[in-house]
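Written below as C-alpha cells is the structure these notes are about.
Each reported figure results from applying straightforward, stated rules to the coordinates on display, with no laboratory input. Fair warning: this is a prediction, and the values are worked out from it, not measured in the lab. Here the Cβ positions follow ideal geometry from the backbone for every residue, glycine too, while neighbour counts run over all protein chains shown.
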Ligand SMILES: *Cc1c(COP(=O)(O)O)cnc(C)c1O
C-alpha cells in the first residue's frame, strides 16, 4: 500500500514521549536489569525504526520483535543492539536469523532439533542465539516442564552452532488487579528455573504490565512494550506508577464543508438523515486507513469541539456534523489534543469495544507517520 503523503491525514509520532516513557521505566529498574523495547508490528503502528531509536535514547539496551522480517528491518536500519524474535521462526530460516544476528525463540524440542539439523550444515559464522520459552499458563508457545527444557539444553550444548542465551515466560493477567493467576504463573516459572542445571545470560518474565505493577517479575531483562507508547496496559483499570505519555496523534483536516437542508441522507445506506439544516464536514480518512466503520457515532475534535461522525464511515472519507461553518483546511483531531480538549486511544478502543493495542496496530500503512520531538 502506498503512503498517502499528499493528504492532510497524518499520524504524528512524538518520539520524545517514547524516550521519556522508557527513561521513566528505566529509573525504576535495578541498574543491571536490561530493558528491551518491544517494537513488533511496526512499533505498535508507531513505526519500528524511529521508535527503536527513541527507546535507545531513553535507555533501552535491546529490542524484541515478533517476526524475523521485523528484526531484519531494524538491522538494515543500522541498529546493532541485541534483538530477540518472540514468536517461533520456522527452522528453515535459522541461518537467515544468524546472518542478521537475531536471537530466536524456541518452544519445543522438535523445533530445536530441526534448527540444530539446519545449523549443522551452516557456513554462516557465529552462533545462533536461542531463548527457551516456558509456557507457564498462557497456553501459547513454550515448554511445559524443566525436564523438557533439560533435554533442550543438552541439544544446544551438543551443537556447535547454537548458544543458549535466554529463558523466558509471558504472563497473561499482569494487567489485572487480582494477581492470583499471575502468582501461579510465577510459581511455575520459579519451579522450572530451579529444575535447570544452569542459567543463561538473560532471564525475563516482564511485559509492560509486569514492569508497572509487579516489580518486573523475576529476571534481568524487561520486555517493555505498550507502555513505551504511552498507553496504559490495563486500559486505565490500574494506575501507572508514573505518567505514561501518549506518543501518537492522529490528525486530518476538513476538505469540504457544506450546509445541508433538513432530510438529507449522509453516507452509504443513508443511515443518517439530517434532522434539521446542518453544517456537514468531510474528512479524508476511512476504514482503509484503519478508522473502522464502527467509529460511526463517535466524534472528532474541530477547534476543541467534539463533532459526531454521522453516516457510515467510507473506505477513504467520513462525514461529521459541525456546530457551525468552518473553513476548508481546518484541522481535525481524531486522536490527541485539540484546543484544550482531547481524545485518547483508550476512548477510541472503548467505542470499538476493544483494546488500544488493536487501535494502534489497525492504523494502516496508508497513513503517513510524521516524527516530531
Ligand atoms: C508483545 C509482547 C510483549 C510486550 O507486551 P506489552 O503488553 O506491550 O508490554 C512482551 N512479551 C511478549 C512475549 C510479547 O509477545
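Points to keep in mind about this one:
- Stretched out straight at 0.36 nm per residue, the stretch from residue 145 to residue 190 would grow longer than its current Cα-Cα span by 15.1 nm.
- Förster-model FRET efficiency, 41 Å R0, residue 6 and residue 277, C-beta, rounded to 0.05: 0.80
- For region 248-343, the alpha carbon positions stretch 37, 27, 19 Å along the principal axes, listed from largest to smallest.
- At R0 = 51 Å, FRET efficiency that the Cβ-Cβ distance of residue 259 and residue 198 yields, to 0.05: 0.10
- Residues in region 92-113 that a label on residue 80 would reach, taking backbone N under 19 Å of a point 7 Å out along Cα→Cβ: 98-103
- Nitroxide proxy distance, nm - points 7 Å out along Cα→Cβ at residue 123 and residue 239: 6.3 nm
- Nitroxide proxy distance, nm - points 7 Å out along Cα→Cβ at residue 57 and residue 327: 3.4 nm
- Across the chain the C-alpha pair distances fall into 10 Å bins from zero in the proportions 5, 22, 27, 21, 14, 8, 3, 1 percent.
- Approximating the spin labels as points 7 Å out from Cα along Cα→Cβ, the residue 215-to-residue 178 distance works out to 2.4 nm.
- Euclidean distance between Cα centres, region 193-209 to region 227-253, Å: 28 Å
- With eigenvalues of the C-alpha gyration tensor scaled by 5 and rooted, region 158-227, Å: 25, 14, 8
- Scattering profile of region 15-229 at q = 0.07, 0.12, 0.15 Å⁻¹ [log10 I(q)/I(0), Debye over alpha-carbon scatterers]: -0.20, -0.60, -0.94
- Dmax and Rg, reported as Rg then Dmax, of region 174-292 (C-alpha, Å): 24.5, 78
- Based on DSSP H segments of at least four residues, each scored -39500 (n - 2.57), the chain has a per-residue ellipticity at 222 nm of -8000 deg cm²/dmol.
- Relative contact order of region 15-229: 19 percent, from C-alpha pairs under 8 Å at least 6 residues apart in sequence.
- Largest-first ellipsoid semi-axes for region 92-184, taking √(5λ) over the Cα gyration tensor eigenvalues, angstrom: 29, 14, 9
- When region 1-82 is reduced to its Cα atoms, the Kirkwood hydrodynamic radius in Å: 13.5 Å
- Relative contact order of the chain, pairs being alpha-carbon contacts under 8 Å that are 6 or more residues apart, as %: 18 percent
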